[in-house]
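Have a look at the structure below before the remarks.
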């Protein structure tokens, strides 16, 4: 089930009715749990078993870890959790990829090896809920907190439908304490939650799918080169699409949850106003970047063992972060480029340029640096979007002007539309860089806020036919 469907409207309305009915809190949590399983099952019911297996194993492994004083036994129970979760993730997400590359290596070595096609189906959201459950068992192992006593609360923490299939990637401290006491939204929270749901759907349905997706899909789908203007237009179209699609989903998830009185962490903070790549990763997919920092980069040693080791740790983290997004060398190269950017930036970093906690003034120089950051990030999106390495390199050659004789494929109207959306997106992010949406909207007169909300709803209804699944469902 997706947020941008009429099925979800009916589902959510019924769930709200149950949630605000005069029922005990435990019954309401059971309703939320069953609703979450239904939300997931409407995609592919058998894969609920994987979700259930991960939930049960991690719940009991965490209890065993906590009960043991023997260091080796604690490590063993943690290993069980890691092997199960990462094993399932590796098989379903990387099975075909590993088999294809093994076949290529065997062929290169002169071995005639032909493996049968595996046809492995990737379960929706497995990358997300795997990281959710792993954070729990690892934190219990680190004695950050005691294991959860209530299986119902833990199962709901893992399965809670707003974050289940595409984040935000929640931590135990984000949700488990909220499940201890009855949660209902205040009138202000409920109104704001509905507005966030509307805004997220607008970003997905209107901006991503309605305004830029067609241009991006068209150019990236061509098997031949195009002129540089068309290439850059397609790249900017995808930059707008990936942000509007993914941030739109996160905003929908936060809004839906807020209507139930439960808060989720922010996942995006106007990343196209970032000044440098470190700043970008503090603003883009925040819950993933902090997860990689806390459970990969810091355990590897972080920046505590000299410059060379720091750069190596950055590269390993970003390479694995790229591979987390998808099982192809394109994603590995995408992660490599971001790791390279971070290493070069760290080599030349200066205080106050978005690389630390110091306030960053909105000067013209910093705006130019933000534009440069946007261009560097957009360049890497080529490998994220292209379906093949050959297709990615072909478009790169068009972008840098090595291939200039490609035909003009986009109409003038399509080019203007994409560039206007891109300029508007960057301008909005720069304006909102140090602000919050709640603060900005609270200063509007009620009638103007209502007018903006009504316009968003009208545009969503008019654009609904062009909408598709969220991009991050494939990860």
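All of the numbers you see were taken from the coordinates with simple rules; none came from a lab. The structure displayed is predicted, hence computed values, not measured ones. No Cβ is skipped: glycine too gets one built from the backbone with ideal geometry, and neighbour counts run over all protein chains shown.
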request  = Take every Cα pair under 8 Å in the stretch 244-385 that's 6+ residues apart, average their separations, divide by the length, and report that relative contact order as a whole percent.
outcome  = 25
remark   = Of 155-164, 44-53, ordering from highest average Cβ density within 10 Å down gives 155-164, 44-53
request  = Can you tell me the relative contact order of the stretch 21-183? Whole percent, Cα pairs under 8 Å, sequence separation 6 or more.
outcome  = 33
message = Using alpha carbons only, how many angstrom separate the centre of the stretch 378-453 from the centre of the stretch 128-146?
response = 36
message = If packing is taken as the average count of other Cβ atoms within 10 Å, what order do 234-241, 363-370 fall into, highest mean first?
response = 234-241, 363-370
ask   = When the helices in the chain are scored as -39500 (n - 2.57) per DSSP H run of 4 or longer and the sum is shared across all residues, what 222 nm value do you end up with, to the nearest 500 deg cm²/dmol?
value = -21000 deg cm²/dmol
task = With no solvent and one equal point scatterer per Cα, compute the Debye intensity ratio I(q)/I(0) for the chain at 0.09, 0.14 Å⁻¹ and report its log10, rounded to two decimals.
result = -0.66, -1.61
ask   = Between the stretch 84-115 and the stretch 296-318, what is the C-alpha centre distance in whole Å?
value = 28
remark   = note: the stretch 264-411, Cα-Cα separations exceeding 28 Å make up a percent value of 25
query = If you take the Cα atoms of the stretch 172-280, find Rg, then find the Kirkwood Rh from the mean of 1/r over all pairs, what is Rg/Rh?
reply = 1.13
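Let me check against my output: what whole-number percent is the relative contact order of the chain, with C-alpha pairs under 8 Å and at least 6 apart?
19
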query = For the stretch 111-179, which semi-axes, largest first and in whole Å, follow from the square roots of 5 times the eigenvalues of its Cα gyration tensor?
reply = 32, 15, 10
Size of the stretch 21-183 as Cα extents on the principal axes (Å, biggest first) = 68, 43, 22
remark   = Computed over the stretch 41-135, the distribution of all Cα-Cα distances in 10 Å bins, rounded to whole %, is 14, 35, 26, 19, 6, 0
inquiry  = Show me the ranking of peptides 377-383, 415-421, 302-308 by mean Cβ neighbours inside 10 Å, starting with the highest.
reply    = 377-383, 415-421, 302-308
